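Student: Mind looking over this structure? Questions follow.
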Amino acid sequence: MAVMTYLMEHRTHPTADEIYTALHPSIPTLSKTTVYNTLKLLTEKGAALQLTIDERNCCFDADTSPHAHFLCTRCGHVYDMKLNQAELIKCACVPDKFQTEDAQLYLRGCCPRCAALNMDN
């Protein structure tokens, strides 16, 4: 439960390693394997989303409602972008008669904060 609680309290789309690093000091018996297995179970049961926005890292999200994600390629922060399921499917241009069960939309670019920092330089 500590892993799910962490995901719900930290809406930062953490990686498994980040979750382990954060929880291990307060739960010394926690192993990385336990964190990975717990995250796998949470995603299989639909309690969390597994995101592979960038090929180097897999991160997790406790918000399982339909929404998109934006990865800032400068700072690496992942932002939630609110969209409903119909908007996600419309973005994908799914032909008629296809029955969509899930839709994930990943966007990449520069966030407003990094863009402002870039303009200052």
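The values are calculated or read from the model by the stated rules, or taken from the named source; none is laboratory data. Keep in mind that this is a model prediction, so the values were computed, not measured. Note that each Cβ is placed from the backbone with ideal geometry, even for glycine, and that neighbours are counted across all protein chains shown.
Student: Quick one: what pairs do we get from region 5-19, first residue in the same structural domain as Thr33 (by TED's automatic domain parsing) and free of Cβ contacts under 8 Å to residues at least 24 places away in the same chain, second surrounded by 13 or more Cβ atoms within 10 Å (Cβ to Cβ) and assigned to a helix (DSSP H, G or I), C-beta under 9 Å, 6+ apart or different chains?
Tutor: Tyr6/Ile19; Tyr6/Ala22; Tyr6/Leu23; His10/Glu18; His10/Ile19; His10/Ala22; Asp17/Lys32; Asp17/Val35
Student: Let me ask you something else. Looking at region 31-121, what helices (runs of 4 or more DSSP H) fall wholly within it and have at least 3 residues that are exposed (fewer than 11 other Cβ atoms within 10 Å of the Cβ)?
Tutor: 112-120
Student: Can you tell me which residues in region 5-21 are in a helix (DSSP H, G or I) and surrounded by fewer than 16 Cβ atoms within 10 Å (Cβ to Cβ)?
Tutor: Thr5, Met8, Glu9, Asp17, Thr21
Student: Please specify each residue of region 23-52 satisfying the condition of being closer than 13 Å to Met4 by Cβ and either among the aliphatic types (A, V, I, L, M) or assigned by TED's automatic domain parsing to the domain that holds Tyr79 (or both).
Tutor: Matches in region 23-52: Leu23, Val35, Leu39, Leu41, Leu42, Ala47, Ala48, Leu49.
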